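K.L.:
Provided herewith is a single structure, encoded as structure tokens, for subsequent inquiry.
The values are calculated or read from the model by the stated rules, or taken from the named source; none is laboratory data. Quantities reported herein were computed from a predicted structural model and do not represent experimental measurements. Using ideal geometry, Cβ is built from the backbone for each residue, glycine included, and neighbour counts are taken over all protein chains shown.
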Amino acid sequence: MDKELAQMVVMTAARARIGLGDLVPIMKEHSDGEKDEQIKHAVASAVYEIGIVIDRIFEQHPDLGQEYEARRSKYRRPYY
């Protein structure tokens, strides 16, 4: 995968991961049963799997990983 496409994938995946992660406290606050627990588990699994995608891209493009971490440290988000 070329660097430009890799960056697009990482930024899209990061947005999805953050968005799903932001749901967790809301879901905990408003949870009311076993079905909700299954959904929370599925959300957590999705966040984890997205992390694997990002990590694999960083293995191919370590410089993107460094840029990602620098933005995340500076802005608390990996994208602008």
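K.L.:
Take the residues of the range 59-72 that are crowded, with 16+ Cβ neighbours inside 10 Å and under 15 Å from ASP2 (Cβ atoms): which is modelled with the lowest pLDDT?
P.N.:
The extreme case among them is LEU64.
K.L.:
With respect to the numbered conditions (1) more than 15 Å from the chain's Cα centre (by Cα); (2) surrounded by 10 or more Cβ atoms within 10 Å (Cβ to Cβ), which one is the sole condition not fulfilled by VAL53?
P.N.:
Condition (1) is where VAL53 drops out.
K.L.:
Condition check: touching a helix residue (DSSP H, G or I) at 6+ places or on another chain (Cβ under 8 Å), of a type in the set (A, V, I, L, M) and surrounded by fewer than 14 Cβ atoms within 10 Å (Cβ to Cβ). Does VAL43 satisfy that? I'd like the intermediate steps shown before the answer.
P.N.:
Working: touching a helix residue (DSSP H, G or I) at 6+ places or on another chain (Cβ under 8 Å): yes; of a type in the set (A, V, I, L, M): yes; surrounded by fewer than 14 Cβ atoms within 10 Å (Cβ to Cβ): no.
Criteria not met by VAL43.
K.L.:
Restricting to the range 1-38, and then to whatever is of a type in the set (S, T, N, Q) and surrounded by 13 or more Cβ atoms within 10 Å (Cβ to Cβ), can you tell me which residue is nearest to ARG71 (Cα to Cα)?
P.N.:
Taking the range 1-38 and keeping what is of a type in the set (S, T, N, Q), we get 7, 12, 31, 38.
Applying the additional criterion that residues be surrounded by 13 or more Cβ atoms within 10 Å (Cβ to Cβ) yields 7, 12, 31.
On the way: GLN7: 13, THR12: 15, SER31: 33 Å.
Ranking the candidates gives GLN7 first.
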